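Have a look at the structure below before the remarks.
The values are calculated or read from the model by the stated rules, or taken from the named source; none is laboratory data. None of the values given here were measured: they were computed from a predicted structure. Neighbour counts run over all protein chains shown; Cβ positions are idealised from the backbone, glycine included. Ligands, DNA and RNA are stripped out before the accessible areas are found, and what is left, the full protein with its side chains, is counted by its heavy atoms. Shrake-Rupley method; radii C 1.70, N 1.55, O 1.52, S 1.80 Å.
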Amino acid sequence: MSHTDTSRRFALSVDRRFCIVAILSIGSLLIVALLTLTIGKLGIPVTELPQALVGRAEGQTAFVLERLRGPRLATAVLAGALLGVSGALFQTVTRNPLGSPDVIGLGAGAGAGVALMTLSFPLFPSSLGAVLGAAIATLAVYVCTGRGFRSPARTIIAGIAVAAMAAAIIEYVVSTQLRDAASQLAAYLVGSLNASNGQDVLVTLGAVVLILPAAIAVSRDVSLLEMGDDTASGVGIDPNRTRSIAVILSVLAGGAAVAAAGPISFVSLTAPQIARRLLKTSNASVFSSALTGALILTAADLAAQQAPLVAGLPVGVLTLGVGGIYLGYLLVRERSKGRL
Amino acid sequence: MGLATAIVCSLFFGGKLTDPADIVSALRGSGEPYVSAVLDARIDRTVMGVLCGAALAVSGVIIQAITRNPLGDPGLLGVTVGSSAAIVTAASITGSGFGSGSVWIAFAGALVTVVAVYAVGARSASGSIVSLVLTGAVVSAVLSAYVQAMILTNPSVFDSFRFWVIGSLSGRDTEVAVMVAPALIIGLLIALMLSPSLNNLALGEDVATSLGTPVALVRAGGIFSASILAAAATAAVGPIAFVGLVVPHLTRSVVGIDHRWQIPVAVVLGAALLVVADIAGRMIARPEEIMVGIVTALVGAPFLLLAVRKGWATR
């Protein structure tokens with residue numbers, strides 16, 4: 001009796017915590033969005049913003065909203081959410097807190113695809129190259145691990161190999177391009193929202209609409225796999241099928257984000273970790289991980305637009321640097337607890 | 001044998017078609033000026049290939065022994081990214097390309113980075129090597145963000161960096177080889193001295209301690225020699241992936257686990273591998289050439305994938 005009470009109260013407190021975290025995340029996201037649209041030299045005055053948002057803006061305001069900062073903000077929110085979803089699913093499936101689509105060479109493969117596309121077929125859209133490259137890289141890792149991503153060690157090593165090969169291709173293409181084209185390519189290849197446009201918004205929006213509900217639906221089954229395959233089959237879940245669906249969704253989400261914004265590092269790695277810590281649960285929920293990812297990427301991109309010293313850099317440089325420092329912090333903390 | 005063949009081939013074949021008879025007469029010092037010039041360039045790059053291939057391979061052997069991680073690679077300790085960061089910093093301050101002095105800068109950057117990684121990551125509560133590897137990953141991430149920021153905001157730095165970062169044996173003259181030779185010799189000597197202790201370390205820390213091996217000292221010495229070997233090679237020819245990763249595996253399959261044999265054999269295999277990769281890069285895309293760093297990555301990565309597939313890499 002008392003046992004039931006405790007577990008119910010526990011469930012309630014988790015739900016409440018979930019709601020609070022969700023509301024706070026959405027609130028912060030709105031603040032970051034407001035800042036992104038309003039501050040700086042071309043910022044839209046706050047007084048004009050409501051008018052502008054309902055489509056009654058003219059001249060510079062309309063241009064900034066519809067062509068410059070609007071698409072950029074929307075792409076950041078959506079791509080960040082996709083990266084969060086991708087990371088949450090992948091980390092739960094592989095049971096590896098360092099698991100992220102970067103690990104299976106997704107970003108590097110997409111980069112190599114874009115590089116080769118730019119070199120051989122400059123007239124085709126580069127996002128096509130990104131999708132093809134990501135698919136080939138993922139497939140290569142899948143085939144070489146032999147067991148469908150089930151062994152984390154094998155997955156990571158195969159990912160390293162594929163990423164190294166992709167890096168060699170990218171370096172070769174960058175070295176053969178003229179300086180300006182190469183510089184542009186290099187900026188895209190570290191992950192950039194500088195040139196986000198309506199097409200990127202459509203790609204990411206479509207992906208979020210299709211993938212997020214499916215990901216939320218499958219995440220419950222995936223978390224049941226934590227108890228072991230036998231237990232999961234006992235409650236009527238096909239472990240292999242569930243795992244495959246989750247990995248495919250994760251790859252699709254990561255691939256769509258990369259196609260729109262380039263291989264932005266560390267967001268899909270850190271978003272689930274942060275969400276998990278906020279929720280104080282063992283696994284990050286897909287939904288809060290998506291929110292966290294969106295928040296990280298929009299905040300990073302706000303910094304990439306406005307902060308002194310880093311303004312003008314591709315957002316991927318920021319996430320790489322800050323993510324690296326965060327990883328360092330985790331390392332120091334784990335070590336002080338004697339867990340490493 | 002293999003190495004000797006590789007060296008001879010490296011002199012006779014290349015991006016420029018030459019008649020073997022001309023090469024022989026040029027070797028005697030009596031050939032046409034054109035052939036002699038081609039031969040001189042080939043000798044220079046062959047020397048660099050032998051030195052750097054050997055250095056990277058031995059560095060890989062030591063790192064895999066010390067971390068007891070079959071995937072250990074000099075890049076793990078931050079050697080590559082450390083020299084990249086130093087190179088772009090120097091180039092952005094001086095505003096020029098990379099002269100021969102950049103060898104020292106790259107070398108210093110690599111060493112400083114390795115020392116930093118080691119100082120932060122070496123001692124952990126449980127004595128595990130994981131934190132060293134993770135620290136290397138963190139430092140690599142932060143420094144590569146720095147490198148990206150520098151090259152993307154500074155077109156002239158970007159321009160020279162994008163060629164350096166690939167790793168190529170072409171256009172490095174013997175002056176560079178002479179500069180890095182002392183570091184290579186010191187690193188190699190330390191490696192040979194340490195090899196019996198590395199055998200003990202392979203049995204586990206506790207066993208090594210009970211056999212009287214000063215584990216901490218061996219580890220520090222090993223990291224030092226691995227770092228200066230890899231740093232010197234990277235400084236001389238730019239970052240070259242996979243030689244340090246793959247050669248130790250090849251070596252083990254040839255001579256087994258005894259490090260007293262592994263290190264000399266790695267010298268030969270590493271030198272031969274890099275020279276052969278360089279020849280391939282020159283031959284495939286005639287009259288252009290594919291830089292050796294790309295060849296090693298494109299050949300080494302499938303090898304690693306095969307190793308994963310067969311389960312060698314994850315025993």
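Scan chain A and note any complete DSSP helix (H) whose C-alpha atoms cover at least 20 Å along its axis and whose Kyte-Doolittle average is 0.5 or more.
The answer, listed by residue number, is A:2-38, A:69-94, A:106-120, A:126-145, A:152-176, A:198-225, A:239-261, A:286-306, A:315-336.
Roughly how crowded by other chains is peptide A:136-144, in terms of the mean Cβ count from those chains within 10 Å of each of its Cβ atoms?
2
In percent, what relative contact order does chain A have, based on Cα pairs under 8 Å that are 6 or more apart in sequence?
On the way: 510 pairs, mean separation 94.1, N = 340.
It rounds to 28 percent for chain A.
Normalised by the number of residues in the range B:219-304, what is the relative contact order in percent for Cα pairs under 8 Å and 6+ residues apart?
Details: 55 pairs, mean separation 26.8, N = 86.
Reported relative contact order: 31 percent.
Find how many whole Å separate the alpha carbon centroid of the range A:171-218 from the alpha carbon centroid of the range B:168-206.
42
Between the range A:281-325 and the range A:68-103, how many Å separate their Cα centres?
10
Please work out how much accessible surface B:TYR118 shows to a 1.4 Å probe, ignoring ligands, DNA and RNA, in Å² rounded to 10.
Probe radius 1.4 Å; accessible area of B:TYR118 about 60 Å².
How high is the FRET efficiency between B:LEU192 and A:VAL209 when r is their beta carbon distance and R₀ equals 56 Å, given to the nearest 0.05?
Taking R0 as 56 Å, the efficiency between B:LEU192 and A:VAL209 is 0.35.
Say we join alpha carbon atoms closer than 10 Å with springs in a Gaussian network model of chain A; which of A:ALA52, A:ALA108, A:ALA76 then has the biggest fluctuation?
A:ALA52
At a threshold of 8 angstrom on Cα-Cα distance, excluding pairs fewer than six apart, so keeping six or more, what relative contact order does the range A:172-314 reach in percent? Let's see the in-between values first.
Details: 120 pairs, mean separation 40.2, N = 143.
28 percent.
So if we plug the beta-carbon distance of A:THR231 and B:TRP261 into 1/(1 + (r/R0)^6) with R0 = 51 Å, what FRET efficiency do we get, rounded to 0.05?
Efficiency computed from Cβ-Cβ geometry: 0.55.
To the nearest 10 square angstrom, how much accessible area does B:MET150 have with a 1.4 angstrom probe?
In the full protein context, B:MET150 sits at about 40 Å².
Compare B:MET48, A:MET227, A:MET117 by solvent-accessible area with a 1.4 Å probe and give them largest first, with all protein chains kept in place.
I get A:MET227, A:MET117, B:MET48, largest accessible area first.
Ignoring everything except DSSP H segments at least 4 long, calculate the 222 nm mean residue ellipticity for the protein assembly as shown; use -39,500 (n - 2.57) per segment, divide by total residues, nearest 500.
The per-residue figure over the protein assembly as shown is -25500 deg cm²/dmol.
At 7 Å along Cα-to-Cβ for each site, give me the label-to-label distance between B:THR153 and A:ILE325 in nm.
1.4
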